[in-house]
There are 2 protein chains.
Amino acid sequence: MISAISTQAPPTRARHVLCVGAAVFDTLFRVRVMPTGQGKVLPYDMQQIAEGMAASAAFAVARLGGKASLWGAVGDDETGERIVADLAGSGIDILGVHRVAGARSAVSTILIDDDGERLIIPFYDPRLHQAVYPVTADDVAAFDAVLVDVRWPELALQALLAANKAGIPAVLDGDVASDGVIERLAPAATHIVFSQPAAECLAGTPDPVLIVRRLKQRFSHAFVSATFGNRGCYWFNDERACVCHLEAPRIAAIDTLAAGDIFHGTFALMLCEGMAIEDVMRSASMAAAIKCLTFGGRMGAPDGAELDDALRNWPARAVDITCCSK
Amino acid sequence: MISAISTQAPPTRARHVLCVGAAVFDTLFRVRVMPTGQGKVLPYDMQQIAEGMAASAAFAVARLGGKASLWGAVGDDETGERIVADLAGSGIDILGVHRVAGARSAVSTILIDDDGERLIIPFYDPRLHQAVYPVTADDVAAFDAVLVDVRWPELALQALLAANKAGIPAVLDGDVASDGVIERLAPAATHIVFSQPAAECLAGTPDPVLIVRRLKQRFSHAFVSATFGNRGCYWFNDERACVCHLEAPRIAAIDTLAAGDIFHGTFALMLCEGMAIEDVMRSASMAAAIKCLTFGGRMGAPDGAELDDALRNWPARAVDITCCSK
């Protein structure tokens, strides 16, 4: 019924997205007011969940009816077992998650206040992502797209290069990373979605249009876009050689944690379903917005019916930015 | 060999302390500098451990060679299983820990900065400590002392009253609590060890000597004491009707989390071993100080040999405060 009014028929088989990168055990606290130093702050809600950039993106794929596989690493500890069990229970194939002997699993605490502001305290054991595994085109041939984050750069680079060889989309979640990581990964990506802080830092300007122009100049081989939270998203339209802007759905955000990850997962899935790029961006924007309506990180990601319903009632379309700022 | 120079021979059998109250799954982060608002802070060390006031006190008892039982509550969730397994693995009898259907286990995140300052974010599900269980003298007759914290006031009160009937020490960890909790529990305690913030709040003054005098006036039936971190501890000497002060061992504290709990557990164990009160306070002070030398909450609690060694090399004795401040 829904497909009847969608822009295209759904694919005949579920698309399969490989997500490469972070798997973290998160503790989320909702607080009225953010603490400003030492002392005690009493949260009024709490949730514990396995997520992380790649893991949350994989969840978005699975929720939307796609197939999602995760390549990542956890420690050989109880938290690692819990991460793997939680993600597997969420419909993600975790056979590619390594258990690293002697390493501790990644854990993170996130405080979310009533203004939607966040304090994030992530701990990554340096031993977790040291190993280098070769990835061949055969290893990724079964997937319809590869999406990598910046958490395990060596593996991400291998996966992007293999995706190129296999002729499938190689998507980079261009978030804030250690020095040089974006510069190493971006050349191997066919599609890059930058986060606002990473994009501003790389482009050296806060102006979204200028950011996209500059990043497109730098990574001209790829589809270049950046997300700006409630200010929407921007991308470079290669056909018309201009920057496009899509406003964000207007919502009262309760929890923006993992919104970017849900965007990326939806982006990768819709991309390999063959959707036009504007519709890919509309879907990803709306999925991320819906996520923000629910406390609990990735848990708010919509299923296909929810997303289609919301898209049907959202008239916003992309706008070409014709100003010639350089 | 150690017993030969101790103040008294060790008891012929291990003393058994019942601890009643908090059991929490803690995530500890070490950070260089405490965050002052929203954003991201990257910890350089992390540890996850089951503790909480009563649970950490029980651990202190077990580490020192005593027998420790914990009465408390966890949710019927994975975190609850992990709390129980961790505490059982630490030598604590957890048969009295309830698993509350439909409740979430207590979890807490603690940031510790390089100045030793702490930010604590504890979450307690209100459903965790609602049940009221009657406790008889028979239920506590097998124990040599009962120690309660303020986390499960209904159960703590029952346990203190039963301890009175059974004729064993009824020790109250007088920490900051909801309105009226201390006032309800203190009359049933034979020994009270207040924390500095709770003592200051109850006595309405920051002066330790005045605090102890005022709290002794209010709870004249009990042994009254208060701990003041690196300023040592104070108590009311009933024989000489004066306040005594014992300075704190001079240490470079790395992690003061659970120091009070280790104090309380050591206090209760030494008390029911029949030690003189000054030696009880010396032992408790030193055990708490040793704990502070190790990152990891309760994990730094000493065993009996460590504690005896340290006490032998610590000449500090209690000093009577003869000033007549009122």
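So here's what we get for this one:
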quantity	calculated
Pick from segment A:278-312, criterion charged (D, E, K, R) and closer than 22 Å to A:Ile192 by Cβ, ranking: surrounded by the fewest Cβ atoms within 10 Å (Cβ to Cβ)	A:Glu278
Qualifying residue in segment A:241-260 (condition: over 16 Å from the mean Cα position of the chain (by Cα), in contact (Cβ under 8 Å) with a residue 24 or more places away in the chain and crowded, with 24+ Cβ neighbours inside 10 Å)	yes
Per-region count, segment B:286-326, residues of a type in the set (S, T, N, Q) and either assigned to a helix (DSSP H, G or I) or without any contact (Cβ under 8 Å) to a residue 12 or more places away in the chain (or both)	1
Verdict on A:Ile192 being part of a helix (DSSP H, G or I) and at pLDDT 95 or above	no
Strands (runs of 3 or more DSSP E) (entirely within segment A:210-262) containing at least 3 residues that are closer than 22 Å to A:Ile168 by Cα	A:223-227, A:233-237
Scan of segment A:69-83 for residues that are assigned to a strand (DSSP E or B) and either facing chain B (nearest Cβ under 9 Å) or within 18 Å of A:Phe59 (Cβ to Cβ) (or both), ordered by number	A:Ser69, A:Leu70, A:Trp71, A:Gly72, A:Ala73, A:Val74
Residue that is nearest to the chain's Cα centre (by Cα) [pool: residues in segment A:26-48 that are more than 9 Å from every other protein chain (Cβ to nearest Cβ) and crowded, with 24+ Cβ neighbours inside 10 Å]	A:Asp26
Number of positions in segment B:233-254 that are closer than 20 Å to B:Thr322 by Cα and among the aliphatic types (A, V, I, L, M)	4
Extreme residue, farthest from A:Ile120 (Cα to Cα), among residues of segment A:56-68 that are assigned to a helix (DSSP H, G or I) and either touching an Asp or Glu at 6+ places or on another chain (Cβ under 8 Å) or at pLDDT below 95 (or both)	A:Arg63
Residue match in segment A:107-121 (condition: under 30 Å from A:Leu210 (Cβ atoms) and crowded, with 18+ Cβ neighbours inside 10 Å)	yes
Count of residues meeting criterion [among the hydrophobic types (A, V, I, L, M, F, W, C) and either loosely packed, with under 15 Cβ neighbours inside 10 Å or farther than 17 Å from B:Ala137 by Cα (or both)] in segment B:165-184	5
In segment B:84-108, the residues that are of a type outside the set (A, V, I, L, M), within 21 Å of B:Ala301 (Cβ to Cβ) and part of a strand (DSSP E or B)	B:Asp93, B:Gly96, B:Ser108
Residue that is under 21 Å from B:Leu157 (Cα atoms), away from every other protein chain (no Cβ under 12 Å) and touching a residue at least 40 places away in the same chain (Cβ under 8 Å), where the choices are B:Ala58, B:Ala14	B:Ala58
Flag if B:Met270 is part of a helix (DSSP H, G or I) and touching a residue at least 24 places away in the same chain (Cβ under 8 Å)	no
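Listed here are the residues, each with its yes/no results for (1) free of Cβ contacts under 8 Å to residues at least 60 places away in the same chain; (2) closer than 30 Å to B:Asn230 by Cβ; (3) out of contact with any Lys or Arg (no Cβ under 8 Å at 6 or more places or on another chain).
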| site | (1), (2), (3) |
| --- | --- |
| B:Pro126 | yes, no, yes |
| B:Ala141 | yes, no, yes |
| B:Ala145 | no, yes, no |
| B:Arg151 | no, yes, yes |
| B:Gly167 | yes, no, yes |
| B:Phe194 | yes, yes, yes |
| B:Ala203 | yes, yes, no |
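The values are calculated or read from the model by the stated rules, or taken from the named source; none is laboratory data. These figures come from a predicted structure and were not determined experimentally. So basically every Cβ, Gly included, is an ideal-geometry build from the backbone, and we count neighbours across all protein chains shown.
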